[in-house]
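Have a look at the structure below, then the notes.
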Amino acid sequence: MPHIALPEGLPGIRGAMAFRPEIAGPMSELAEVLLHGPHSLPAGERELIATYVSSLNDCYYCQTSHGAIAAAHLDGDEEVVRRVKEDFRQAEISEKLKALLAIAAKVQRGGKNVTAEDVGLAREYGATDVEIHDTVLIAAAFCMYNRYVDGLATTYPRDEASYRERGKQVAREGYVSAGKGYGQAAASTR
Amino acid sequence: MAHIALPEGLPGISAGFAFRPETAKPMRELAHILLHEPGTLTPGERELIATYVSARNDCYFCQTSHGAAAAAHLGGEEAVQRVKEDLETAPVSAKLRALLKIAGKVQSGGKNVSEEDVAQARGLGATDLEIHDTVLIAAAFCMYNRYVDGLGTWQPQDPSMYAQMGKRLAEHGYRNPSR
């Protein structure tokens, strides 16, 4: 049971944002810019970073929902999502993305862990300053989203397959569009 | 030196914000709603939560700037220093102490918040909205802190700069760029 009286029927972060629609705006907009908006890193790669950090933070809802969104972007490739979570160095992804995932892992443990060498390696593989910036911020932001979801003890389904359809929808529409209606859900429960 | 080519002369998070205005906008808006807009917890109390979490994350820029904002709201630095040093004996209400404990749990990981932690805060008068916002302030500062340190931003150690920044934040909030 959640720690506070969240609207029923909306899993994970969606129930929490429906409880507080004022913050749903900026929280969705940040995810939209970082994960869905136009970018030199494909959306599937950015979702893999979000999924990986969420798995390091052991947040079931976030790693499963963003894993499903990543797979939807990557032509349904759920195997690469699993491999990235298990051991990204063995996954079939670019060396650049591996270097960015290594930076994300450092940020997850604490910002000071990122070294000039980590950044130098990513840059050697072609990462730009905006890509490095956004990797740091995606990792940092998921240290927020993950703690928000689990810190309120939100409830959510435990079977991965049930995340597929929503994953396709968010991959298609993005976070702002897919998140519309939080205000209404809150109005009906308060 | 910063890890990427951030604009020079801007301290801490303001350099990250200037580098990437598209992400700055929702990040500023979130801080403004959580810390500055009217709420049943005073802005001073909410800034203490932000400061406490930033101290636990060892982020110099965030704990010093939000500590200064808290001090500006509260009319002095004593509560700020004492909350960072020893929560148990700090001069804050029992309700705020219970909320700060929840914030500390969130900082080490969301799953660490227990039903007992929440029940204790509720028993001392905390509402669901206050508990929600405490969890989100703590979670959000786990983002802001990692952003500031993960980019290797410039963090000057000049107390007067932070005092001025704290006054400005306490007065105007976070929505609009300060320069």
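The values are calculated or read from the model by the stated rules, or taken from the named source; none is laboratory data. Because the structure is a prediction, the values reported are computed rather than measured. Neighbour counts are summed over all protein chains in view; Cβ atoms, including those assigned to glycine, are modelled from backbone coordinates with ideal geometry. Each accessible area value is taken on the protein alone, full model and side chains, heavy atoms only, with ligands, DNA and RNA left out. Shrake-Rupley method; radii C 1.70, N 1.55, O 1.52, S 1.80 Å.
Structure values in brief
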read-out: Cα-based convex hull volume of the range A:26-104 per residue, rounded to whole Å³; value: 92
read-out: Degrees separating the helix B:128-150 axis from the principal Cα axis of chain B, which is the longest one; value: 30
read-out: Residue-averaged [θ]222 nm for the protein assembly as shown, counting only DSSP H segments that reach four residues, each worth -39500 (n - 2.57); value: -20500 deg cm²/dmol
read-out: Relative compactness, the range B:1-97, computed as alpha-carbon Rg over 2.2 N^0.38 Å; value: 1.18
read-out: Estimated distance in nm for a label pair at A:ASP58 and A:ASN113, the labels positioned 7 Å out from Cα along Cα-to-Cβ; value: 1.5
read-out: Selected from B:ALA50, B:ALA119, B:ALA79 as most flexible by GNM, with chain B as the system and alpha-carbon contacts under 10 Å; value: B:ALA119
read-out: Size of the B/A contact, given as accessible area buried on both chains, probe 1.4 Å, in Å²; value: 3600
read-out: GNM top mover of A:ALA104, A:ALA18, A:ALA153 - chain A, alpha-carbon springs below 10 Å; value: A:ALA153
read-out: Within the accessible area of the range B:29-136 (1.4 Å probe), percent carbon and sulfur; value: 50
read-out: Residue order for B:HIS66, B:HIS172, B:HIS73 - accessible surface, 1.4 angstrom probe, largest first; value: B:HIS172, B:HIS73, B:HIS66
read-out: Shielding of B:113-119 by partner chains, average beta-carbon count, 10 Å; value: 3
read-out: Alpha carbon convex hull of chain B, projected area averaged over orientations, nm²; value: 9.8
read-out: Spin-label model distance (nm) - B:SER114 vs B:ALA2, 7 Å beyond Cα toward Cβ; value: 4.3
read-out: In the range B:22-172, lysine pairs with alpha-carbon atoms under 25 angstrom apart (chain gap of 8 or more, or interchain); value: 9
read-out: Distance from the range B:52-126 to the range A:58-90 (C-alpha centre basis), Å; value: 35
read-out: For peptides A:50-62, A:91-103, sequence by mean Cβ density within 10 Å, most packed first; value: A:50-62, A:91-103
read-out: Length-normalised contact order of the range B:45-179 in % [C-alpha pairs under 8 Å, at least 6 apart]; value: 34
read-out: Chain B: angle of helix B:94-108 to the longest principal axis, Cα-based, in degrees nearest 10; value: 60
read-out: Sites A:GLU124 and B:THR89 - FRET efficiency at Förster radius 35 Å, r taken between beta-carbons, to 0.05; value: 0.10
read-out: Principal-axis tilt of helix A:21-31 within chain A, Cα atoms, nearest 10 degrees; value: 20
read-out: The protein assembly as shown: Cα Rg divided by the 2.2 N^0.38 Å rule of thumb; value: 0.94
read-out: Modelled FRET efficiency - R0 22 Å, A:ARG82 with A:SER40, Cβ distances, 0.05 increments; value: 0.30
read-out: Rg(Cα)/(2.2 N^0.38 Å) for the range A:29-173, N = residue count; value: 0.97
read-out: Surface accessible to a 1.4 Å probe, per residue, for the residues of the range A:29-173, Å²; value: 39
read-out: Residue-level accessible surface for A:ARG164, protein heavy atoms, 1.4 Å, Å²; value: 110
read-out: Largest to smallest accessible area among B:MET27, B:MET1, A:MET1 [probe 1.4 Å]; value: B:MET1, A:MET1, B:MET27
read-out: Dipole axis of the range A:29-173 (+1 Lys, Arg; -1 Asp, Glu on Cβ), positive-most option in A:GLN90, A:ILE103, A:LEU121; value: A:ILE103
read-out: Those GluC sites (Glu not before Pro) in the range B:88-129 that DSSP places in a loop and that have at most 12 other beta carbons within 10 Å; value: none
read-out: Lys/Arg +1, Asp/Glu -1 at C-beta; the protein assembly as shown dipole; positive extreme among A:MET144, B:LEU100, A:VAL130; value: B:LEU100
read-out: At least 40 Å² accessible surface lost relative to isolated chain, residues of the range B:1-44 (1.4 Å probe); value: B:HIS3, B:ILE4, B:PHE19, B:ARG20, B:THR23, B:PRO26, B:LEU30, B:ILE33
read-out: Global form of the range B:89-179, assessed from the alpha-carbon gyration tensor, a/c cut-off 1.5; value: prolate
read-out: Using θ = phi - 60° and Karplus 6.51 cos²θ - 1.76 cosθ + 1.60, couplings along the range A:73-81 (whole Hz; Gly, Pro as x); value: 5, 9, 6, x, 7, 6, 5, 5, 4
read-out: Candidates A:HIS73, A:HIS36, A:HIS133: whichever shows maximal mean-square fluctuation once chain A is modelled as a Gaussian network with Cα springs under 10 Å; value: A:HIS133
read-out: Chain A, dipole about Cα centre (Lys/Arg Cβ +1, Asp/Glu Cβ -1), debye to the nearest 20; value: 520
read-out: Magnitude of the charge dipole, the range B:139-179, Cβ model with Lys/Arg +1 and Asp/Glu -1, debye to 20; value: 160
